[in-house]
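A short reminder: the numbers here are calculations on the coordinates, not readings from a lab. Keep in mind the model is a prediction, meaning the values are calculated, not measured. Neighbour counts run over all protein chains shown; Cβ positions are idealised from the backbone, glycine included.
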Amino acid sequence: MASVITAPTYDPITTATALAEKYVGARREQLASQTRIAAATERSLTDLGSAISSFQTSLAALTGTGKALYTQTATFSDTAIGSGTAKANATAGTYSFFVQQLATSSQVAFSGLTDDRGVGGELIVKMGTESFAVDLKKADTDNDGILSTRELAAAINAAPDNASRLTASIITTGATSELVLTAKGTGANTEISLDTAGVTVAAGDPDAPPPASSLVTANGSMRRLVRAQDAIIQIGAGGAADSTSIQQASNTFTNIDGVTMTFVKAQAAGDAPVTITVGPNDTATTANVRAFVDAYNKLTTSLAKLTYSGNPASGAAAGVFANDGGVRALQDRLVNLVRPVGGASLASFGIVAAKDGTLELNSDRLLSQLATSPNGLDKLIGSTSAAGASGIASELDKYLKVWSDSANGQIGKRKSATQDLQSKLGEREALIDQQFDAAYQRYLGQFTQLQNMQNIMNSNVSLFDALFGNDKD
């Protein structure tokens, strides 16, 4: 007798898995798409933030406090005599000076010092018209009753009113030592001397006169290693009857507006004056302007990539922010900010906008315009400094902070919203997993019962075949 069970058989686990997947499939696919978009949005916000931050850093480096795109140099005719720098506002021209003498630091030495017992009182160290005191009793830091030469030098260096204006050092010369004092600054008012009138020495024998301190003795034969003096330069030729002298404590002079000159060598009588030529540095200026253009282009290129509308014909995917009105508004605003209405324009200085929104630099036009208007470009681009914010740079920086501000910026707010969405998507994923598990268990139970029923029926059919079958041997 043939089997009457013709229904197909099902593996409960495979069937339950397939049906449970089908049950949640549409929701899981939708969730996966939303999760990919949220992750891409977060990455793109990070990229946008980095691009804006990079541009702001470059902008501050070029237009921050004390910065200028237009660059000048101060060139010495003899670099062995000195060097100089010039700010953008310095008046171009050639200036002549004769370096009569350089400013020097005082340096003195005291010989024959020994480690003295019972030294106390107060040592006065003088520097020009100023002075400071050294407590010699406290200078004996190991409290052995002996003031060593090294303790003396350390006490001078550590004196509160010294404030690193001079340094004391010890040079050992056989059985005795030499104390060397060197002024940190330069100029006639750094001349060093000691007042030892307040130095005391405890008597070992009450009936004997107190011994003399080696410091007091050494002060009587102080040697000047370097005499302190001011720097003196003369405008024009040295020794001329009508020349004007400039005297000061430092070898760095700022007497010409916007120019800093540092002299390192004095001239001999009869030497020709050294000339300092102040003028534009075309190479450095062009490099500064190109750096501004490159930084701007890097930002606009990043924005163009993020807002790209895509190309279905070539299969090019759209940017994450292709349909984001806020990011497109940022892109448009940047273009408008570098095209101020009225007055001078960047184009007049050779900085021209291309069709794709980037900037191009014509260096010949730039230098030609700067020749007639040296400070015109810096006035137009302006500054991002807090004290003097102005021009295009200030407007760019101010607008970009609407996006980059760590407390209330658009990027921070959007990231927070995206992260909240990702958290909710994670909760939805957990819910779908629960729904899948519930459906799987339901289907597994149903098809397990079906499998058991089929097995029972097949067993009964086999029994009937055995009892009533017509097959003969």
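See the values below:
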{"item": "Stokes-Einstein D (µm²/s) once Rh is taken as the Kirkwood radius of the chain over alpha-carbon pairs, at 25 °C in 0.890 mPa s", "result": "76"}
{"item": "Karplus 3J(HN,Hα) series, Hz, for the stretch 113-130 with 6.51 cos²θ - 1.76 cosθ + 1.60 (x for Gly, Pro)", "result": "6, 10, 6, 10, 8, x, 6, x, x, 9, 9, 9, 9, 9, 10, x, 8, 10"}
{"item": "Theoretical gain in end-to-end length, ASP294 to LYS355 [0.36 nm per residue, Cα-Cα removed]", "result": "20.4 nm"}
{"item": "Alpha-carbon centroid distance for the pair the stretch 298-332 / the stretch 373-442, whole angstrom", "result": "16"}
{"item": "Label-reachable residues, the stretch 160-194, where backbone N falls under 17 Å from a point 7 Å from LYS138's Cα toward its Cβ", "result": "160-165"}
{"item": "Positive-pole candidate from SER459, GLN34, ASN219, dipole of the chain, charges at beta carbon", "result": "GLN34"}
{"item": "Residue exposure sequence - SER54, SER243 - by fewest surrounding Cβ within 10 Å", "result": "SER54, SER243"}
{"item": "Helix-only mean residue ellipticity at 222 nm for the chain, each DSSP H run of n ≥ 4 adding -39500 (n - 2.57), per residue, nearest 500", "result": "-14500 deg cm²/dmol"}
{"item": "Computed lengthening from LEU225 to SER390, 0.36 nm per intervening residue step minus Cα-Cα distance", "result": "54.1 nm"}
{"item": "Gyration tensor over alpha-carbon atoms, the stretch 59-186, equivalent ellipsoid semi-axes in Å", "result": "47, 19, 13"}
{"item": "Cα centroid separation - the stretch 342-372 against the stretch 91-112, whole Å", "result": "45"}
{"item": "Under-5 Å amide H pairs with GLY121, H placed in peptide plane, nonlocal only", "result": "LEU136, LYS137, THR200"}
{"item": "Electrostatic dipole magnitude of the chain [Cβ: Lys, Arg +1; Asp, Glu -1; Cα centre; debye, to 20]", "result": "1660"}
{"item": "Listed residue (GLY118, ASN189, SER148) projecting farthest to the positive dipole end of the stretch 107-226, Cβ model", "result": "ASN189"}
{"item": "Positive dipole terminus of the chain, leading residue within TRP403, GLN441, SER368 (C-beta point charges)", "result": "SER368"}
{"item": "Semi-axis lengths (Å, descending) of the ellipsoid that matches the C-alpha gyration tensor of the stretch 104-260", "result": "40, 15, 13"}
{"item": "Dipole magnitude of the stretch 217-346 about its Cα centre (Cβ charges: Lys, Arg +1; Asp, Glu -1), debye to nearest 20", "result": "420"}
